[in-house]
Structures are given as structure tokens and as C-alpha cells.
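Notes for the one structure printed next.
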Amino acid sequence: MKKALTLMTVFAAVLFLTACLQPISEVETFTISEWTPKEYYDLGDADALWNASVTLDVVYNDGAEETLNLGTGIDDGTVTITGDYSEDPLGLKTDVAGFYEVTISVDNISLTFEYYVFDMTLARNVPGTYATIGAALSGAPAGAVVFVEDGLYEESISISTTANLTIYGESVDGVIIDSSDQTSRVFQAASTNGLTLINLTFRDDYTVGGGSQKRFMVKISNADDITLRHVVIEGPGKQFANAADGNEPVGGLDLNGVDNADVINVTVEDVSRNGMAFASVTNLRLIDFEINNAGLDNSGWAALALYVSEQYGPAPTTLVEATGSIDNANIGINYSVAPYDGFEFGNIIITMGDNPLAVQYPLFLYLPQDDPEPAAFVEPNGFALNVTGLPWLVSFPYPGGGTGLIYFLTEDQANAAVDVLALSLIVGTAENINN
């Protein structure tokens with residue numbers, strides 16, 4: 001009897017230890033029932049977001065399933081909600097107009113929702129109520145949102161001063177704003193704080209000239225809090241050499257004198273000037289941008305150019321974050337900002353494309369001769385630029401006058417030589433590191 005009892009005890013202990021050693025079930029997927037997230041909501045319309053029957057249906061990796069009722073709240077810590085939200089069960093905020101992001105997490109799995117909140121009493125619809133986008137913007141009050149249905153809109157848009165305007169396209173592929181038959185650029189805005197452009201394609205084949213009025217297809221200046229999200233800018237894919245267009249090459253996006261700019265999922269293609277140019281733009285975020293075929297005339301224009309602008313103030317363009325890709329450009333990145341504060345490009349892929357002569361230099365750094373502290377480049381704030389085997393060109397002044405150049409022939413050389421480059425600027429030498 002004692003022996004049997006001992007064996008049973010041992011067997012129970014083994015079962016207990018085996019259970020303890022089993023891998024803990026982890027969440028494999030979860031879905032939300034009784035609620036479908038939308039891209040935008042009406043101001044204060046909490047009922048559209050939430051009702052007590054909303055549940056999370058969870059599936060674990062061992063096949064087990066569980067339903068969690070968000071309507072009654074969850075107190076065991078299984079579910080966490082983070083992001084912009086007020087005190088409602090799901091954490092979605094609709095009492096203030098703007099853009100929001102909310103993440104719902106169950107164990108190690110998360111779902112993130114992005115949405116806008118608009119005051120729909122200020123909504124203007126194109127072409128339902130207004131035949132053109134320009135007509136809808138004319139006289140629009142601060143905070144207005146212009147909803148644009150899919151279609152071709154042959155117009156040139158110019159707005160100024162009105163704050164917190166939004167132009168919201170039905171789809172980025174479906175809303176085409178084309179100024180090919182206009183002498184003005186396709187879109188221009190000045191002093192429009194809080195301007196937001198969403199789901200729009202801007203196009204111009206430049207069959208009609210415009211000279212300096214068409215140097216860049218989309219230009220925004222002297223404004224704060226600018227957002228471009230899901231925007232495409234399609235250039236003419238050619239350069240110009242006749243009086244009708246003033247011999248002006250055309251660029252894509254031009255931001256000048258802007259504080260706080262979010263450029264998210266924006267594509268520029270087929271331009272002969274800079275693909276994206278930022279002059280005295282502070283707190284700039286470039287997220288998942290794409291630039292294809294920039295500087296087509298091979299005359300020194302870059303895919304991505306960052307400057308200090310005398311016209312729009314002495315502040316240097318500062319990058320908070322930058323991720324994206326450049327394909328087939330004369331110069332990948334032209335960073336003409338000294339001292340090189342905020343020199344942190346993040347993860348940018350630069351490739352040559354189909355033209356082996358198209359990308360002369362992935363990165364061009366220019367240090368002006370009148371810079372009182374040329375050694376300010378000594379401590380770059382991070383360096384994570386991915387280059388596909390192309391040379392870099394760095395330009396800087398000799399201590400006694402003139403300009404020196406340093407070349408890096410490969411990605412490995414360039415990444416390995418950052419400290420050497422900084423040191424060479426400290427001591428004022430102009431040696432070619434490749435020798």
C-alpha cells in the first residue's frame with residue numbers, strides 16, 4: 001500500500017512538473033466584433049465608435065479561443081490600449097478634431113488604428129456641391145474639410161491664410177488633380193497653418209509653360225503644422241529648353257519656412273529638378289517616402305534636398321525621422337545645412353535604377369566656406385544611410401580658402417569612414433580618403 005501511495009505521489013508530481021514545463025499559451029490572432037474602424041468620424045460622434053457589445057475574439061497558439069467583452073471593461077490586464085484617447089472603454093477620442101492613433105494589444109499581438117475626426121458641419125463635397133476643388137476652397141472657413149470624390153480635376157489650386165484646412169480624397173489613385181493646361185503650378189499654399197492633404201495625386205505634363213510659376217508642382221510656404229499623407233506627385237518625365245516654360249526644370253514637392261511637417265507615404269516621380277526640397281523646415285518627418293527619377297537633366301538636382309533658406313529664415317532644416325527610398329536620381333540626398341545638426345537620415349535605400357549614369361552621388365554634403373565652425377560636423381547624431389555600392393561626394397572648405405572634395409567609392413568605405421571624415425574636418429585637411 002505504501003509503495004502504491006509513493007508511486008501515485010511521484011506520478012502526480014511528474015504530472016505537475018510536466019504541466020509547469022509546458023509552454024505558456026500565447027495569442028496568435030484576435031479580431032474585433034461589432035465594430036468596424038473607419039478612416040474618419042464626425043466630431044463628438046462617440047456612438048459611431050463604440051457600443052457595449054464590442055468584443056475581442058482571441059485565438060491562442062494552442063488552439064484555445066476566448067471572447068473578451070470590451071463593453072464591460074477588462075480588469076485582468078490582458079488587454080492594453082495606448083495612443084491618443086479619452087476615457088471611453090475602447091480609448092477612441094472624438095471630442096477634438098484632428099488625427100489620432102490607437103493601439104489595442106492582447107498579450108503580444110497588437111492592432112493599430114489611425115483615423116481623423118472632422119467637424120462635418122464644415123464639410124464641403126466635390127463634385128456633389130462644388131464642381132471644382134478650388135470652388136470648394138474659396139471662402140472655406142477655418143477647420144473646413146473638402147471631400148473629393150474619385151475623378152479627374154483639371155485645375156490649378158492656390159490657397160492662403162485659412163487655417164486648419166483639409167483636402168481629403170476618396171482614394172489616392174482615383175483623385176487626379178491635373179494642371180497640364182494651366183500656367184500655374186498644380187498646388188500652392190501660403191500661410192495656411194494646419195493644412196492637411198490626404199489621398200491625392202497631382203499631375204502636370206507641362207504641355208503649357210509657366211516658367212518660374214512651375215518650378216515645383218506642389219509648393220507650401222510660411223506655415224506651421226503641415227501634413228501630406230498618401231500623396232503622389234507625377235512630373236512630366238522631361239526637361240525643358242524653350243521660352244514658353246522659361247527654360248525651367250520642374251520639381252516635385254517644395255516646403256519653405258515650415259515648422260512641424262509630416263510627409264507620410266508620399267511619392268514623387270519623373271521630375272528634372274529636386275524631387276523633394278525642404279528649405280528652413282524644422283521638425284520634419286519623412287516616413288516611407290519614395291522618389292523615382294529625379295534630376296533627369298543630370299545638372300545637379302537631387303532626389304531629396306535639405307537647405308537653409310535666406311528668404312524664409314535662418315533656421316536649418318531639421319529631420320526628426322526619415323525612412324524611404326530613392327531610385328534613379330542625379331544626386332540622392334543634398335544636405336546643404338551647416339552645422340549638420342540633426343544629421344540622422346534613418347533608413348533610406350538608394351538605388352541606381354535603369355540608368356547607370358543617373359545616380360552620380362547618393363549623398364552630397366556641403367559645408368559653406370563662411371561657416372565659422374567647420375568642425376561642427378564632428379559629432380553626427382546617428383548614421384544609418386543604406387547605399388547600394390555607389391560613391392559619395394562630400395564638399396567642404398579648405399582652411400585657406402577654396403573647396404575640397406572627399407569621395408567614397410563603396411557603401412562599406414562610406415560607412416567605415418564617418419569618423420575619419422569628421423577628423424579630417426577637425427584638422428582641416430582635404431585628403432582623398434580613398435588613396
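The values are calculated or read from the model by the stated rules, or taken from the named source; none is laboratory data. Since the model is a prediction, treat every value here as computed from it, not as a measurement. For neighbour counting, all protein chains shown are included, and Cβ atoms are generated from backbone atoms with ideal geometry for every residue, glycine included. Ligands, DNA and RNA are excluded from the accessible area calculation, which covers all protein heavy atoms including side chains. Shrake-Rupley method; radii C 1.70, N 1.55, O 1.52, S 1.80 Å.
Numbers below:
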{"item": "Some residue of region 29-36 being of a type in the set (Ser, Thr, Tyr), modelled with pLDDT under 80 and open to solvent by less than 90 Å² (accessible area, probe 1.4 Å)", "result": "no"}
{"item": "Residue in region 272-291 that is buried (at least 24 other Cβ atoms within 10 Å of the Cβ), small (Gly, Ala, Ser) and closer than 21 Å to Ile198 by Cα present", "result": "yes"}
{"item": "Count of region 125-145 residues which are over 22 Å from Glu234 (Cα atoms), open to solvent by less than 20 Å² (accessible area, probe 1.4 Å) and under 26 Å from the mean Cα position of the chain (by Cα)", "result": "3"}
{"item": "Strands (runs of 3 or more DSSP E) wholly inside region 56-127 that include at least 3 residues being over 30 Å from Ala144 (Cβ atoms) and at pLDDT 80 or above", "result": "65-69, 98-106, 109-118"}
{"item": "Unmet criterion (only one of (1) in contact with a helix residue (DSSP H, G or I) (Cβ under 8 Å, 6 or more places away or on another chain); (2) at pLDDT below 85) for Asp42", "result": "(2)"}
{"item": "Residue ranges of strands (runs of 3 or more DSSP E) in region 186-285 with at least 2 members within 14 Å of the chain's Cα centre (by Cα)", "result": "196-203, 216-234, 251-269, 276-279"}
{"item": "Inter-residue pairs, beta-carbon under 6 Å, first among the basic types (Lys, Arg) and in region 227-238, second in a strand (DSSP E or B), 6+ apart", "result": "Arg229/Ile198; Arg229/Ile264"}
{"item": "Enumeration of residues in region 156-173 that are open to solvent by 20 Å² or more (accessible area, probe 1.4 Å) and either outside any strand (DSSP E or B) or closer than 18 Å to Phe99 by Cβ (or both)", "result": "Ser156, Thr161, Thr162, Ala163, Asn164, Glu170, Ser171, Val172, Asp173"}
